[in-house]
1. Which whole-Hz ³J(HN,Hα) couplings does the stretch 4-15 yield from phi under the Karplus relation 6.51 cos²θ - 1.76 cosθ + 1.60, θ = phi - 60°, glycine and proline marked x?
2. List the residues whose amide H sits under 5 Å from the amide H of V53, counting only those 5 or more places along or on another chain, with H placed 1.01 Å from N in the peptide plane.
3. Apply the a/c threshold of 1.5 to the C-alpha gyration tensor of the stretch 1-91 and tell me whether it is rounded, prolate or oblate.
4. Net charge within 10 Å of A40 by Cβ-Cβ distance, Lys/Arg positive one each and Asp/Glu negative one each, not counting A40 itself?
5. Search the structure for amide H atoms under 5 Å from the amide H of Y9, placed 1.01 Å from N in the peptide plane, and list their residues when 5 or more places away or on another chain.
6. Over 21 Å between Cα atoms: which of K5/K106; K16/K104; K21/K106 fall into that group?
7. At 7 Å along the Cα-to-beta-carbon direction for both M52 and H110, put a label point, then send me their distance in nm to one decimal.
8. Quote the FRET efficiency, to the nearest 0.05, computed for E67 versus V87 with a Förster distance R0 of 22 Å and r equal to the Cβ-Cβ distance.
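Please treat every number below as a calculation from the coordinates, not as lab data. Being a predicted model, the structure only gives us computed values, none of them experimental. Please note: Cβ atoms are built from the backbone with ideal geometry, for glycine as well, and neighbour counts cover all protein chains shown.
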Amino acid sequence: WHLAKKAVYGISELHKEEIRKTDLVANPGCFSSAAILGLAPLFKEDMVDINMVIVDGLSGTAGVGAELSKAAHHPEIGNNLVPYNVVNHRHTYEMEQELGILAKKKVSVHFTPVYVPIVRGILDICHVFPEKIFKKDDLIGMTILSRSMIFPKKKMHHGSTSLIHGSIRWQEPIIVTSDSMWMKRGTESLFLVF
């Protein structure tokens, strides 16, 4: 475990300088990368209740890996949703670690991963709750969209670069899509709806 303590978590958007200086980088998980990047601005600015974080992660069957698996076998996944590792999923700890660093407090994440009948891609639906009432000016740096904006579809971001969108309604979840087959880590697209 001494190597785990030495490694820098490999999300360059959050740890660019540390990654440059280290010789050991921990490879972030796909679900955790999408959730962390989607929630990072809110945790960094102490905008949400850190004890009420819910992430529902939807994954295509490519996320199962190259080995044969009953969960990814078409008769099993076709017209089906398959929750898996719903308690103690390894990406939960990554989310809690990184969001905790940003919040400077212990964070509790409730994460449910689900295989869906698509081949590739990740869709994280992140539910958080505000610590206080925010005004439009509090969301500087986020693009404000109208309610008529369509929600992202996983296919919209096939091989894409990152996008950040948002509105100021707290009744809606944060939705993060990722192309899980793009480079080593999926390229995330964030759709922030408050």
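1. 4, 5, 7, 5, 9, 5, x, 8, 5, 5, 10, 10
2. H110
3. Oblate, since a/c reaches 1.5 and b/c is not below a/b.
4. -2
5. Under 5 Å from the amide H of Y9: A26.
6. Details: K5/K106 18 Å; K16/K104 19 Å; K21/K106 26 Å.
Exceeds cut-off: K21/K106.
7. 1.1 nm
8. The value I calculate is 0.45.
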